[in-house]
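Here, each number is a calculation from the coordinates, and none is a lab measurement. All of these numbers come straight from a predicted model, not from anything done at the bench. Note that we place each Cβ from the backbone using ideal geometry, even for glycine, and neighbour counts take in every protein chain shown.
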Amino acid sequence: MPRPGPAPTGGPAPSGAPAVTRASAVTRLPAPAIFVASGLTQYLGAAVAIGLFSAIPAVGVAWLRVAAAAVVLLVWRRPWRAGLTRQALGAAVLFGAALAAMNVTFYIAIDHLPLGTAVAIEFIGPVAVAALTGSGWRERVGIALAACGVVLLAGVTLELRPADARIGLLAIGAAAVCWAAYILLGRRVAVGGDGVTSLSVAMAAGAVVFAPLLARSAAPVLGSWRLAVAVAGVAVLSSVIPYALEQVVLRRVGTARFAVLLALLPATATAVGAVALRQWPHALDVVGLLLVSAAIVLTSVRRRAPAPEPVS
C-alpha cells in the first residue's frame with residue numbers, strides 16, 4: 001500500500017516533485033494510462049516485497065522501506081534548515097508513527113492475504129473518514145457499499161484460506177485504521193508548512209519509533225547485496241515512480257475524474273496479484289472489489305481533493 005505526499009485528504013503534493021513529472025514523453029500520455037502505470041508500479045513493488053518475505057520478515061521489509069525513504073528525504077529536503085516549530089515537529093512525529101504503522105500492518109496483511117483483497121479492504125479507512133466528516137447521501141451510501149464489499153472479500157478469504165486469513169484480516173483492519181489516522185494527521189502536517197519537508201521528518205520519526213521493535217528483523221539485508229538491491233527496488237517501484245507519475249495526473253485532471261481513477265487501484269492490485277503472484281480472484285471477490293470501488297468514487301468525488309494513498 002503507500003506513497004509519499006501528506007497533502008490534506010490526498011490533495012496535490014507540495015512542490016518539488018521529481019523531474020520525471022516534467023518529462024514531455026510522459027505528459028503526452030492520457031491521464032488514465034499514466035494513473036494505471038502508477039498503480040501497476042506501486043503494486044508491482046508490493047509483489048516484489050512479498051517475494052522478499054521468505055528471506056526477511058514482512059515487518060522487516062516494511063521498516064526498511066520507511067528507513068530508506070527517510071534517508072532519501074532527509075538528504076533531499078534537509079529539514080533542519082526549515083526551522084520547524086515545536087508544534088509542527090510534534091505533528092510530524094505523530095504523522096510518522098501512523099505512517100510507519102500503516103506500512104508495517106499492510107505488509108503483514110499481504111503476507112497472509114491476496115494483494116487485491118488487502119488493498120480493497122484497506123480502503124475502508126479513507127471511506128470511513130469521508131463518511132464521518134461528511135453529511136451527504138454520498139457518504140452514507142458509500143460506507144454501506146464499502147462495508148458490503150469488505151464483508152464479501154473477507155468472507156471469501158476466510159472460506160478459502162482460514163488459517164492465514166484471520167491474521168491477514170486483523171492486520172489489514174489495523175492498516176485501514178492507520179490510513180484513517182494518516183489522512184487526519186496528514187492534513188495537520190500539510191497545512192503547517194512545507195509538506196515534503198515535514199514528510200522527511202515524519203519518515204525519520206516513524207523509522208526511529210519502530211527501530212527498537214523491527215530493526216533486528218531487517219538484519220538479513222546487511223549480509224546480502226541482492227537483498228539490499230531488492231529492497232531499494234521496492235522503494236523505487238512503490239514510492240518514487242508512482243509519486244512522480246501521480247503529480248502529472250494531479251496537474252491534469254479534476255477531483256471528480258481523479259476519484260474515478262483512484263477507484264481503479266483495487267482492480268489494479270488484483271491484476272498485479274493475479275499475474276505476478278498467481279492470486280486469482282473468485283466471482284464474489286470481483287463483486288466485492290466493484291462495491292469498494294463504487295464507494296471510493298462516491299466518497300471522494302465531493303471532496304476538493306482525493307484521499308491520499310498510503311505510503312506502504
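Leu74 to Gln87: extension gain in nm, 0.36 nm per residue of separation minus the Cα-Cα distance?
Working: separation 13, 0.36 × 13 = 4.68 nm, distance 1.93 nm.
Taking Leu74 through Gln87 to full extension adds about 2.7 nm, to one decimal.
Tell me the label-point distance for the pair Trp137, Ala283, using the 7 Å Cα-to-Cβ offset, in nm and rounded to one decimal.
In this crude spin-label approximation the distance works out to 3.1 nm.
Can you run the Rg to Rh ratio on the stretch 47-142? Use alpha carbon positions and the Kirkwood inverse-distance Rh.
1.08
Can you put Ser293, Ser224 in order of Cβ neighbours within 10 angstrom, beginning with the fewest? Before the final figure, lay out the partial values.
On the way: Ser293 22, Ser224 13.
With the sparsest Cβ surroundings first, the list reads Ser224, Ser293.
Using a 10 Å cut-off on Cβ atoms, rank the peptides 75-85, 100-110, 201-211 from the highest mean neighbour count down.
100-110, 201-211, 75-85
Using the crude model of +1 on Lys and Arg Cβ and -1 on Asp and Glu Cβ, and no other charge, please compute the dipole size for the stretch 125-187 relative to its Cα centre, in debye to 20. Before the final figure, lay out the partial values.
Values: 5 positive and 3 negative charges, 30 e Å.
Its charge dipole is roughly 140 debye.
Given a cut-off of 30 Å, what percent of all Cα-Cα pairs of the stretch 28-300 lie beyond it? Present the calculation step by step, with values, prior to reporting the outcome.
Working: 10155 of 37128 pairs.
Every Cα pair in the stretch 28-300 considered, those over 30 Å come to 27 percent.
So what J values fall out for the stretch 68-83 if you push phi through Karplus, 6.51 cos²θ - 1.76 cosθ + 1.60 with θ = phi - 60°, rounded to Hz, Gly and Pro as x?
5, 4, 4, 4, 4, 5, 5, 5, 6, 8, 6, x, 5, 8, 7, x
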